[in-house]
Structure formats: structure tokens, C-alpha cells
1. Output the residues belonging to the stretch 215-240 that are out of contact with any helix residue (DSSP H, G or I) (no Cβ under 7 Å at 6 or more places or on another chain), surrounded by fewer than 19 Cβ atoms within 10 Å (Cβ to Cβ) and under 16 Å from residue 197 (Cα atoms).
2. Can you tell me which residues in the stretch 258-274 are over 20 Å from residue 99 (Cα atoms), out of contact with any helix residue (DSSP H, G or I) (no Cβ under 6 Å at 6 or more places or on another chain), in a loop (DSSP other than H, G, I, E, B) and in contact (Cβ under 8 Å) with a residue 40 or more places away in the chain?
3. Any residue at all in the stretch 388-407 that is more than 26 Å from the chain's Cα centre (by Cα), under 20 Å from residue 321 (Cβ atoms) and in contact (Cβ under 8 Å) with a residue 24 or more places away in the chain?
4. Assess whether residue 213 counts as being more than 22 Å from the chain's Cα centre (by Cα), farther than 19 Å from residue 155 by Cβ and either in the same structural domain as residue 408 (by TED's automatic domain parsing) or not in a helix (DSSP H, G or I) (or both).
5. If you go through the stretch 301-332 one residue at a time, how many are surrounded by fewer than 19 Cβ atoms within 10 Å (Cβ to Cβ) and either outside any helix (DSSP H, G or I) or touching a strand residue (DSSP E or B) at 6+ places or on another chain (Cβ under 7 Å) (or both)?
6. Could you count how many residues in the stretch 502-523 are part of a loop (DSSP other than H, G, I, E, B), closer than 12 Å to residue 88 by Cα and at pLDDT 95 or above?
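The values are calculated or read from the model by the stated rules, or taken from the named source; none is laboratory data. Quick caveat, the model's predicted, so the values are computed rather than measured. FYI the Cβ positions are ideal-geometry reconstructions off the backbone, even for glycines, and counts take in every protein chain you see.
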């Protein structure tokens, strides 16, 4: 069905496609002409010019490339700029710097300490940190020439640490002023917003004054403030209320990341939280939410260590996990976790025994006659923040409820990975390889308009939440496109075999260049670093 007729570097004609423009409008049967890196024409029976590459896409959907606004590819794109796991599932634009776990600004000699604190992002030790600013990091990404477009947020963790260090202390007015200056600089460098992650030390200790102060800079500069809230378990309602309060006090655009209720006993909170968000939107707050279509999350195992035990940089608090008194207190805190060890798997740490990966912790410790809390503490004391886990405790009904909300868009919370390289080691979360195909294949809305609505939640709506000029098919727009079979599109990866490529995606085009062709990466790296120059 998909046959090449001619070849050209500058013009590409997609013929006989079902065009979904990304806005939620119904599909239109038409041809689409790409000229250089832009959409040149959309309409019936477009005539090819000599030298055009022509692809017959009859029976397939042509839509904008997927805009993944919640990713952690800050460093993995420097390891493998081909971005295989992302572009192969139709992602053409990634927003990095999420959950507060950015890689700039850096101050003084704190690079190694920040690198340890954000080791969730740091899967290839051979990647060198050669920057201190957002501008420097973006320049490094530009030099890497990725296959996907990249936009960044400023991470709250390095911003706070650059001024206040790792100790859990309240920022003084002078320190907050300095953080605001650094945030302005990040925005001047081209960042599209600020992210916070209030579970990552030392951020659990930050005050409302700091959050409001930084939110006011976002409002002043019309940048988005994205939130990994303090607690998705028992404290979900209060945590979302905190984000809403900052939005009310500052007027900043607000994005609540990967919204779910974690732990069965906490599922009843979710509807009330969604009602609060929609009430805020009705009252004029600019609030968005995002979610990925899986019932397991992925995070550093260190996220389970209570904040009081994470004082100072990781090089100081990790060795303290061998102290019997501290271990006893953590064991007590872990006596009633919302997500048990039977729903928790270790997915990666350096030089891990493959026998330990992708299996429930409860199963591993049963073989060894150990308490899971002691085993986890021993692992943390040896490997610190580098241990990644996959944990369940989520409801399919809750997932579908969030996806049905007017505020919700789809975002992977994953990373651009090379399945054959260091960034794809272990058993990473399959969302990095199949988030968008899984959503479109299994979770898109029912009915004749369901696919158009689903595409909007993957393209124009997330782009609009960030302020990105992406996600629509219109003449003059960037030629970032996906060609897929709506009846076959699905993910293939599971939690023990996550690296499998999805089905149903035929072509992915970035800046007018075919990057994925007949389902295979073509080796092209035409992605752009997108800077907010307002």
C-alpha cells in the first residue's frame, strides 16, 4: 500500500490520506504537500512536481507529530540523539526538564551533587556535563542534532540548590530574589516554563513563599509552571490544592503532571481533586493536567525514603542508611506503604544482576528469606539515587476518568532511549516506547469522533499548554507529521520486555524529513531546539 514513486530532498507529497489536523475536527480525505520544513499545501488531487517524493498513504491517517510535554530526555538525547524509543512511537517534539529534575542552572562546584540528585535522568555515565546554564545545555543538545524537536523547562531542584544548597532550610528573601533572577535568566535562555518536583530532596522542604515567588515570575513572563505535586497518595487532595493556590495567588499557567491517585485506599480522592481542578478552570485559572495510559509508575527507589532522612547531598545522606537508628525509623515509615513490595519492581541500577530486574521485590526477598524493607535499604545504601523502580497501585477506572477530563492531555513521563545502548539498559518503563500508540489503540474515546479527539490530546492541546507552535496541520506550519494505521496502532512492550517497537506507525516526519520510514528509523536527525523568545 505504501509505495515510493519519486525521491527528492526538499518536497514530499503524501497522497490519499485521511487528514486529522490536530484540532479535534473530523478527518478529511486529502493530499498533503511538504516543502522543505513546512506544510506547503493540503487539498485534493495535488499534482507532484518533478523530483518530488510521493508516498501513497491510502487507508492511513496523517496527523501532526505527537507533542510529548512531560519527558526526562535531558541527558539521554546526548547519549543517543536518534531518540529511537520516542520518534518510533510518533513523538516529534519533547519537553524536557520536568518534575523539577533539570540539569541547569549549576553553581560553583555543585555539578556532581546535582548529577547525583537527578540520577533518574542520568543513564549513561559517558555523557559529560559541559554547561552551567540553560543556554549551555540547549547548545549541547543542538550540537547533538537529535531526531526530535526539544523544548525545555527550568528545573526547580538545580535552581534551588544553586542558591540554597541541599539542606532543608527556608529560603531567605535575598535567596528567593536570587532564585528569581536565575529563573529570569533561564527564560531569557529560551526555557518555556518552570517545573517543580516536591518529592525530590531538598524540594519537600520548600515553602509556599518560594513557590509563590517563582510562580509570580512565570506569570510575569507568561511561562507555564508544571507540578509533580508533593503526594499522589494520602495527601493528593492537599497537594493539588497547593498547586491551585499558587495559581490563584500568581495567575500563572499551571500544569499538574501525571495525575493519578496511587494506592487503592487513595482512589476515592481522585474525583474530588478533578472537581477542584475543573472548578478552578471555570473560575478563570489556566490549569492543565497530563497522564500516561499505564497502571504503573516509574521513579527512583529513593523517592520512598522519607524527606527527613535526605538531608544534604546524596553523598552525605545515602551512607547514613546503614545507621541502625535511621534504618529503624525508615522501616517504621514503610510499615504501611500505599503501594506494597508485591507491586514494586526494580527496573535498573548500574551493573545490576538481570535476575533482580522486572520482578516483584516480594518475590526476590521471599527467595532469600529477607524482609523487603531491609533488602531495599541495603540496595539504597549501596547504589543511592541511581536505583529505578516501577510501582503499581493505580486504577484503570481512575485512568480513564482523568483521560476524559477537558483539562487532560497525554504525556509519557518517559525518556528517549536507545534499546541497544546504555540508555535502554535493564527493564525500563514501557511508556518510553509505546505511550502514544497504547493510548490511541486502547484508551482513545469511543464513537466516530473519538480518534479526532484523541489526536487533539496528543498534538495541539499539549502544544498550546506549553505555548509551542506545534501540533496542527495547516499551511505554513512546521512539517512534523505521523502516518499511521488507525486499526493497527498499538504498543507491544510490557514490564519484562519493554523495548518492543509499536505497531501501526508507517512514517514519522520531523521538519519535513522522513525519520521513520515503513516503521524503521532512517537515521535522520533533523530535530530543532525550540527556544521561547517572547
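1. The answer is 235, 238.
2. Passing the criteria: only 263.
3. Keep residues of the stretch 388-407 that are more than 26 Å from the chain's Cα centre (by Cα), which gives none.
No; the residues of the stretch 388-407 include none that is more than 26 Å from the chain's Cα centre (by Cα), under 20 Å from residue 321 (Cβ atoms) and in contact (Cβ under 8 Å) with a residue 24 or more places away in the chain.
4. When the stated conditions are applied, residue 213 does not pass them.
5. Going through the stretch 301-332 one residue at a time, the tally reaches 4.
6. Quick first cut of the stretch 502-523, residues part of a loop (DSSP other than H, G, I, E, B) only: 502, 504, 511-512, 518-519, 522-523.
Add one more test, that the residue is closer than 12 Å to residue 88 by Cα, and what stays is 502, 504, 518-519, 522-523.
Imposing the further condition that a residue be at pLDDT 95 or above reduces the set to 502, 504, 522-523.
Here the count works out to 4.
Each row is one residue, and each column tells you yes or no for (1) surrounded by 18 or more Cβ atoms within 10 Å (Cβ to Cβ); (2) under 19 Å from the mean Cα position of the chain (by Cα); (3) not in a helix (DSSP H, G or I).
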site: 409; (1), (2), (3): yes, yes, yes
site: 417; (1), (2), (3): yes, yes, yes
site: 423; (1), (2), (3): yes, yes, no
site: 428; (1), (2), (3): yes, yes, yes
site: 441; (1), (2), (3): yes, no, no
site: 445; (1), (2), (3): no, no, yes
site: 448; (1), (2), (3): no, no, yes
site: 463; (1), (2), (3): yes, yes, no
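Listed here are the residues, each with its yes/no results for (1) over 22 Å from residue 504 (Cβ atoms); (2) part of a strand (DSSP E or B); (3) modelled with pLDDT of 95 or more; (4) touching a strand residue (DSSP E or B) at 6+ places or on another chain (Cβ under 8 Å).
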site	(1), (2), (3), (4)
30	no, yes, yes, yes
41	yes, yes, yes, yes
58	no, no, yes, yes
62	no, yes, yes, yes
73	yes, no, yes, yes
81	yes, no, yes, no
85	no, no, yes, yes
